[in-house]
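I have placed the structure first, in the form of structure tokens, so that the comments after it can refer back to it.
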Amino acid sequence: MQTEENKKSFKTGEIIMRQGDAGKCAYVIESGRVEILIETTKGETQYVGSRGAGTMIGEMAILDDSPRTATVRVTEDCELLEITKEDFALRLDNADPVLHMTTQIILTRYRDLLKRSQIIGDPPKMNEAENIELNYAQGSSAVETVKITNEFESALKSDEISLHYQPLVDLQQGTICGFEALMRWEHPEKGFISPAIFIPIIEDSGLIVKASAWALKESLMALQRIEHRVGYDHELFMSVNFSSRDFAAPDFVDNVYETISVSDVSASQVHLEITERLLMGQPDNAKDTLSMCQKAGMSISIDDFGTGYSSLSYLHYFPIDTLKIDRSFVKDMLENDSSLALVKSIISLGKSLNMKIIAEGVENKEEGVKLKEMGCDMAQGYHYARPMPEKDVTAFVSENKKIDI
Ligand code: C2E
Ligand code: CA
Ligand code: CA
């Protein structure tokens, strides 16, 4: 039974649990909201999601003694119900024998799943900040994965899934030249779920194909509306992310082409973003698919460039229009000579192959100025704008006809 002693109140800003601490209890959130943060080995704090009323946090503690895998901080004053390991064991002992046995079996299987996904005994090695969310998703959520897969499809039909648009800046002209469409999931109970968590899961299940088709259609309609409202003096583009699953679908090109032709946007305004890994996974198929898209007028961008493969020979083999320099290089560029040298070489490599270069993750003016100086064509990053909903894009574009690099 719930008693007054096991109710806890936390104020906004307070930390409920800290990553690495020993955990002795779980909490049910009765009211309020929390955010879940992961500290990387580089000392950076990464946001991985939020939880609201009716959800549980720190449940691993009542299953096992493993340390907390994340820090949980209050974002709206919280009332929590604390469940200790002992309390849980006691409730279980007193439960109906069938319920007791069923729970024990489920717990044992849950533990096995978690062991297999390496969160117990062999915690994920968190060297790459970019991999943290993925590790978290893989580690914490064999059960979550199943839930996400089940819930995503209906979420896509409701307004839980939306797109945010991050403006891209033409560094040489000082103007906005386009947007990247980025998916957002506002779950009614779990709150914001990061695409770094749900995209790999829906890729595995194949649901990504529906999601990408939706994102392309939705973002092109948004671009049409934005252009109509802003009355811009040059063409803006929309960059949409695609995965290898999308490319494997036999009707991929037909579907993309069909979506473009029913919109008012021209094919030259559509940029397809794919990663190096995708290209290397299915070279022949990808080459033909990309060539058809390029012939139809679309642009092909290589996302997270520099993080995938060491061989550059594929740049000749595939029809590529743009390289997007991964933000890890841009971030270190001003402190680290080898990152700067790499950024410089990618820019000159791109130029010699007649490709455009976009720098991702520009977070301050110094980086923008340096990139412009080195001849980089475009930039994307929090320094210029964060991804934003369509309703904010029009105002942003109207107020920023000239961008101070
Ligand atoms: P990405 O394609 O590399 O997208 C850029 C990510 O960097 C976005 O994260 C964006 O919010 C973030 N970002 C932009 N500027 C900055 C900056 O200055 N600093 C920092 N620290 N980050 C910046 P987001 O929206 O969380 O998306 C994460 C990843 O999820 C994307 O990485 C992409 O791989 C995937 N994703 C998102 N939407 C879609 C989608 O519709 N389809 C597919 N296939 N993947 C998607
Ligand atoms: Ca991208
Ligand atoms: Ca990227």
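Every number here is computed from the coordinates shown, using simple stated rules; none is lab data. Model, not experiment: these values are computed from the prediction. Glycine gets a Cβ as well: all are built from the backbone with ideal geometry, and neighbour counts include every protein chain shown.
Got a sec to turn the phi values of segment 392-400 into Karplus ³J(HN,Hα) couplings, 6.51 cos²θ - 1.76 cosθ + 1.60 with θ = phi - 60°, whole Hz, x for Gly and Pro?
Using θ = phi - 60°, the values come out as 8, 5, 4, 4, 4, 5, 5, 7, 10 Hz.
In segment 161-399, how does Rg compare with the Kirkwood Rh, expressed as the Rg/Rh ratio over alpha carbon atoms? Could the numbers behind the result be given before it?
On the way: Rg = 17.3 Å, Rh = 18.3 Å.
We get a ratio of 0.94 for segment 161-399.
Calculated FRET efficiency, residue 296 and residue 40, Cβ-Cβ r, R0 35 Å, to nearest 0.05?
Efficiency, rounded to the nearest 0.05: 0.25.
Give me the distance in nm between label points sitting 7 Å out from Cα along the Cα-to-Cβ direction at residue 229 and residue 157, one decimal.
Going by the 7 Å Cα→Cβ label model, 2.9 nm.
Report ³J(HN,Hα) in whole Hz for each residue of segment 221-227, in order, from the Karplus equation J = 6.51 cos²θ - 1.76 cosθ + 1.60 where θ = phi - 60°; Gly and Pro get x.
After applying 6.51 cos²θ - 1.76 cosθ + 1.60, I find 5, 5, 4, 4, 5, 4, 4 Hz.
Return the inverse of the average 1/r over all pairs of distinct C-alpha atoms in segment 232-351, which is the Kirkwood hydrodynamic radius, in Å to one decimal. Please report the intermediate quantities before stating the final value.
Numbers: mean 1/r = 0.0648 Å⁻¹.
Final number for the Kirkwood radius of segment 232-351 is 15.4 Å.
Rounded to the nearest 500 deg cm²/dmol, what is the calculated helix-only ellipticity per residue at 222 nm for the chain, with -39500 (n - 2.57) per DSSP H run of length n ≥ 4?
Working: 16 runs with 175 residues, N = 405.
-13000 deg cm²/dmol, from helical runs alone.
Based on other C-beta atoms within 10 Å, arrange 316, 187 from fewest to most. Numbers along the way, then the final one.
Working: 316 8, 187 21.
Lowest to highest Cβ neighbour count: 316, 187.
Among 265, 169, 230, which one moves the most in a GNM of the chain with springs linking Cα atoms closer than 10 Å?
Of 265, 169, 230, the Gaussian network model singles out 230 as fluctuating most.
Looking only at 229, 51, 91, which one moves most when the chain is put into a Gaussian network model with springs between Cα atoms under 10 Å?
91
How far apart, in nm, are two points set 7 Å out from the Cα along the Cα-to-Cβ line at residue 280 and at residue 77?
5.3
Measure up 7/147; 147/190; 344/370; 324/370 against 20 Å on the Cα-Cα distance and list the ones that go over.
Working: 7/147 28 Å; 147/190 11 Å; 344/370 10 Å; 324/370 16 Å.
Long pairs (Cα-Cα over 20 Å): 7/147.
For the chain, what is the convex hull (Cα atoms) projected area averaged across all directions, in square nanometres?
Taking the Cα atoms of the chain, their convex hull projects to 21.9 nm² on average.
Checking the cross-link filter: which lysines have an alpha carbon closer than 19 Å to that of residue 295, excluding same-chain neighbours under 8 positions apart?
Leaving aside lysines fewer than 8 places away in the same chain, those within reach of residue 295 are 287, 356.
Figure the gain on full extension for residue 14 and residue 103 (residue separation times 0.36 nm, minus the Cα-Cα span) and round it to one decimal in nm. Don't jump to the answer; show the numbers that get you there.
Details: separation 89, 0.36 × 89 = 32.04 nm, distance 3.27 nm.
Full extension of this stretch gives 28.8 nm more.
Multiply the residue gap between residue 313 and residue 399 by 0.36 nm, knock off their C-alpha separation, and tell me the result in nm, one decimal place.
Working: separation 86, 0.36 × 86 = 30.96 nm, distance 4.24 nm.
Extending this stretch completely gives an extra 26.7 nm.
With a Förster radius of 22 Å, plug the Cβ-Cβ distance of residue 336 and residue 382 into 1/(1 + (r/R0)^6) and report the FRET value to the nearest 0.05.
Numbers: r = 20 Å, r/R0 = 0.89.
E between residue 336 and residue 382, to the nearest 0.05, is 0.65.
Once phi is turned into ³J(HN,Hα) by the Karplus curve 6.51 cos²θ - 1.76 cosθ + 1.60 with θ = phi - 60°, what whole-Hz value does each residue of segment 46-53 show in order, with x for glycine and proline?
10, 7, 10, x, 9, 9, x, 3
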